[in-house]
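First the structure, in the form of structure tokens, and then the observations on it.
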Amino acid sequence: MFLLATVLFINYIDRGTVATVAHSLQLDLKVDDAHMGKLFSAFFWTYALTQIPVGWLAERYGAGKVLTVGLLIWASATILMGFAHSFSVFLGLRLMLGLGESVGFPCVSKLLAMAVPEKGLGTANGIVGFAYTFGPAVGLFVGGQIMIHFGWRASFMVFGVLSLLWLVPWSRMKVPTEAAAVARAKEAEAGNLAPGTAAERDDRWPTYRMILKQPSLWGTGLGLFSSNYVFYFLLNWLPEYLERERGYSADKMTTVGSWAFVTMAVSALVAGWAVDRYIRRGGSANFGYKSIMAVAHAGSLVCMLTMAVGSETVSIIALFVYQALTGAASPGVYAMPQILAGPRASGRWVGIHNCLGNLAGVAAPWLTGVMIQATGHFTSAFVVAGAVSLLGLIGWLWMIPTLKEIHWERPAGAVPQAT
């Protein structure tokens, strides 16, 4: 759990570094707002589109091995960004970064689904959620300090080299296997773990076609798209918003932005623990996760509109409220697909889920850059983000009838395929 959480912590530090140094990078490379939005967006061109094949690779060749290769690619891209001297080179490295980082969530979700029973997925994903939302806080603060004292290029070089150190303990880790998941299912049959018998699980051999026919898959994808649009809008443009719209110095920007992401991280950890406690006491996972999603998405709308038209003080309060709400929802973002798919299909399900959801990463940074270029302000960008947030209510609440593991029916005469 510690290493899986740490790899996503690193993942979000590396992807967010360009936002931390955006103002200095723009001045150095002479990049306007529209092209800056394209740089932010480019990461997701490869990140979103490779989620589905990565999910297949994780189940075919092992999530642990795929995770290792992915980190090598993204750490190398991060280091090389420190040497880029043109927009086109930087764009290419952002594409390389997205390719490497695409392994994160499909591989982590596959490993969690194999190793953690349903009643513990809230806490597990809360820990993971804490890590990947704490990453931007550390990246913003530490990266900002490195930039102030040594220049923006040093931020990429330092973070890229430090990322590679994760491979040392990971190389000695015994990664959970499909056999371990089946053994856990046998314990469940005896009533020791989450519901679901070994016999049932052995009959479940879902194909991509079977997964794609599930309305719940499209519900989780729409829900993630909605959540990610607002999250990636702020992840990429918050430093610029604080410096340009609110007149913050680089030092004040890193402090306020970092504490905002710390709020999100703590909220994720607490919410994951709370929902598991609720379920262990007899509560419904369906009600527990969906209730949090409803409050988070409705609240995000209010926060975005407040940040669009509020005073400086009110806007900053709204920023912190939004971070708390989104942090609370983050364990469910991946626990819900893991519950629905089960250990056999979680890698492929989350690959599709993440592909759909991270199309928001293509749209949000680029569209925001275009709106800022056209208006000179962030108001319209906040209004659009608030409207997109409402789509999550449709995805998480209406398109997922009941949150429980799908019984994958193998067609008669079908031969099980090795995963």
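The values are calculated or read from the model by the stated rules, or taken from the named source; none is laboratory data. From a predicted model like this one, the values you see are computed outputs, not experimental measurements. Note: ideal-geometry Cβ built from the backbone for every residue, glycine included; neighbour counts use all protein chains shown. For accessibility, only protein heavy atoms count, side chains too; no ligands or nucleic acids. Shrake-Rupley method; radii C 1.70, N 1.55, O 1.52, S 1.80 Å.
Which of the pairs Lys119/Lys404; Lys65/Lys404; Lys174/Lys404; Lys110/Lys213; Lys213/Lys404; Lys119/Lys174 have their Cα atoms more than 18 Å apart in this structure? Numbers along the way, then the final one.
Details: Lys119/Lys404 12 Å; Lys65/Lys404 29 Å; Lys174/Lys404 29 Å; Lys110/Lys213 20 Å; Lys213/Lys404 16 Å; Lys119/Lys174 23 Å.
Flagged as over cut-off: Lys65/Lys404; Lys174/Lys404; Lys110/Lys213; Lys119/Lys174.
How large is the charge dipole for the chain, taken about the Cα centre, if only the Cβ atoms of Lys, Arg (+1) and Asp, Glu (-1) carry charge, to the nearest 20 debye? It would help to have the intermediate numbers written out before the result.
Numbers: 28 positive and 21 negative charges, 153 e Å.
Dipole of the chain, to the nearest 20 debye: 740 debye.
Multiply the residue separation of His377 and Arg209 by 0.36 nm, subtract the distance between their alpha-carbon atoms, and state the gained length in nm to one decimal. Each step should come with its number before you reach the end.
Numbers: separation 168, 0.36 × 168 = 60.48 nm, distance 4.48 nm.
Gain on stretching His377 to Arg209: 56.0 nm.
Where Lys and Arg each count +1 and Asp and Glu each count -1, what net charge lies around Asp14 among other residues with Cβ under 15 Å from its Cβ?
On the way: positive: Arg15, Arg94, Arg153; negative: Glu101.
Combined, the nearby Lys, Arg, Asp and Glu give +2.
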- Report the extension gain between His149 and Ala387 in nm, rounded to one decimal, defined as 0.36 nm multiplied by the number of residues separating them, less their alpha carbon distance. 81.7 nm
- Query: So between Lys174 and Val314, what do we pick up on full extension, going 0.36 nm a residue minus the alpha carbon distance?
  - Reply: 45.5 nm
- If one takes the longest principal axis of the Cα atoms in the chain, at what angle in degrees, from 0 to 90 and to the nearest 10, does the Cα axis of helix 359-375 lie? 20 degrees
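At 222 nm, what value in deg cm²/dmol follows for the chain if DSSP H runs of at least 4 each add -39500 (n - 2.57) and the sum is divided by all its residues, to the nearest 500?
Numbers: 19 runs with 326 residues, N = 419.
Mean residue ellipticity, 222 nm, calculated: -26000 deg cm²/dmol.
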- Can you spot the lysines whose alpha carbon is less than 21 Å from Lys252's alpha carbon? Ignore those fewer than 8 places along the same chain. none
- Task: Just report the Cα centroid separation between region 74-126 and region 302-356, whole Å.
- Result: 17 Å
- Message: Taking all protein chains in place and a 1.4 Å probe, what share, in percent, of the accessible surface of the chain do carbon and sulfur account for?
- Response: 69 percent
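Estimate the FRET efficiency between Leu397 and Leu167 by the formula 1/(1 + (r/R0)^6), using the beta-carbon distance for r and 56 Å for R0, to the nearest 0.05. Walk me through the numbers before you get to the answer.
Values: r = 40 Å, r/R0 = 0.72.
Calculated value: 0.90.
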- Could you check the simple spin-label distance between Leu49 and Leu27, using points 7 Å along Cα→Cβ, in nm with one decimal? 3.5 nm
- Report relative contact order for region 1-136 in percent, whole number only (criteria: Cα-Cα under 8 Å, sequence separation at least 6). 42 percent
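Check each of the trypsin sites (Lys or Arg not before Pro) in region 1-79 and keep only those in coil by DSSP with at most 14 other C-beta atoms within 10 angstrom; list them in order. Write out the running numbers ahead of the final one.
On the way: sites: Arg15, Lys30, Lys38, Arg60, Lys65; in loops: Lys30.
When the trypsin sites (Lys or Arg not before Pro) of region 1-79 are filtered for loop state and at most 14 Cβ neighbours within 10 Å, Lys30 remain.
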- Task: Could you do me a favour and compute the accessible area per residue for the chain, 1.4 Å probe, result in Å²?
- Result: 38 Å²
